[in-house]
């Protein structure tokens with residue numbers, strides 16, 4: 001049995017329905033150094049990782065990983081474990097539905113995620129007070145949703161290479177924050193065109209580490225189409241930040257260890273673009289959460305205009321990068337980023 005209510009989590013049947021992956025094994029998560037919870041709402045198993053200080057009085061930081069990554073990544077990045085110990089910080093980082101050993105949930109929305117997936121984890125970890133929040137790339141709208149949902153419990157919001165949802169983008173005149181993949185979680189399970197697009201996309205992410213190495217075939221074509229400068233930037237990153245890139249490659253392949261359906265449903269428009277919350281609601285109740293934004297001027301994934309807009313909207317502290325593109329701006333100088341987050345918390 002995968003979860004308490006299979007039909008609620010996997011509502012699709014019929015000729016075009018994509019077969020869900022097998023149930024996750026909690027013992028494998030534990031062997032990887034992770035933790036897990038079976039959600040009371042729908043019985044899904046969700047993995048998460050706890051990094052850093054084990055002291056009872058440690059400050060809590062919730063990290064929302066980038067797309068394709070798992071909760072294991074942040075603790076492996078160069079210098080992060082040492083930083084946590086030096087500053088008595090405990091990082092809690094979950095894996096999104098379908099990544100690592102977190103079970104798939106078609107059609108999940110980012111606005112619901114803090115309540116459905118994260119809050120039970122915080123309760124299990126005994127987090128009852130305030131905490132810091134960071135997010136990277138696809139993780140930034142999750143971090144924004146946390147600030148809206150938890151309000152004054154969020155001490156500071158740190159965002160790297162961020163984007164905002166479709167509704168806000170259209171309302172304030174920004175380009176879409178992510179590519180429109182032309183399918184949603186329903187269409188890829190119910191009609192021919194959506195099914196073909198979804199299955200074709202999944203075939204390109206069976207070895208996501210290749211995106212950060214020497215991609216070939218369909219993977220190279222996809223990168224060249226969506227991010228023409230990325231191949232040269234990735235080559236530079238592999239030369240100048242080899243340790244961090246090795247961490248990233250290992251983790252994104254860990255993300256598909258069960259299946260590629262995390263990518264399938266992450267990139268569906270009803271998750272990737274339609275977030276079901278309004279980022280402008282942060283601080284609307286005068287909670288005054290400090291906001292820090294690091295973004296890349298040469299980002300071909302999350303438009304730099306989104307980072308600039310967030311800085312202006314929330315009068316945030318900022319740093320802009322150029323030369324490493326989206327991937328580099330997501331993790332270069334991450335310890336310095338954490339320092340900045342901690343200092344304003």
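Coordinate-derived values only; no laboratory data. No experiment lies behind these values; they were computed from the predicted model shown. Don't worry about glycine lacking a Cβ; one is built from the backbone with ideal geometry, like all the others, and counts go over all protein chains shown.
What full-extension length gain, to one decimal in nm, is calculated for residue 41 and residue 152 as 0.36 nm per residue of separation minus the Cα-Cα distance?
Once the chain is fully extended between residue 41 and residue 152, it gains 37.5 nm.
Highest GNM mean-square fluctuation among 190, 13, 204, for the chain modelled with Cα contacts below 10 Å: 13. DSSP finds beta bridges in segment 29-152, and of those with both partners inside it, around 55 percent are antiparallel. Listed from fewest to most Cβ neighbours within 10 Å, the set 74, 46, 154 follows the order 154, 46, 74. Give, as ranges by residue number, the residues of segment 300-333 whose backbone N falls under 15 Å from the point 7 Å along Cα→Cβ of residue 171. Those under the cut-off are 310, 313-314. Across the chain, the convex hull enclosing all Cα atoms gives 124 Å³ per residue. Once the Cβ-Cβ distance of residue 231 and residue 56 is raised to the sixth power relative to R0 = 56 Å, the FRET efficiency obtained is 0.75.
By the count of neighbouring beta-carbon atoms within 10 Å, fewest first, 142, 167 end up ordered 167, 142. In this simple spin-label approximation, residue 203 and residue 15 carry label points 7 Å from Cα along the Cα→Cβ vector, and these lie 1.9 nm apart. What the Cβ-Cβ distance of residue 253 and residue 190 gives, at R0 = 25 Å and to the nearest 0.05, is a FRET efficiency of 0.25. Note on the chain: helix-only mean residue ellipticity at 222 nm, from DSSP H runs of 4+ residues weighted -39500 (n - 2.57) and normalised by residue number, equals -10500 deg cm²/dmol. Relative contact order, percent, of segment 6-344 when contacts are C-alpha pairs under 8 Å separated by at least 6 residues? Relative contact order, segment 6-344: 21 percent.
Among 160, 284, the ranking by other beta carbons within 10 Å of each residue's beta carbon, starting with the fewest, stands as 284, 160.
If R0 is 41 Å, the Cβ-Cβ spacing of residue 179 and residue 86 corresponds to a FRET efficiency of close to 0.55. Note on residue 130 and residue 312: their simple-model spin labels are 2.9 nm apart, each label 7 Å out from Cα toward Cβ.
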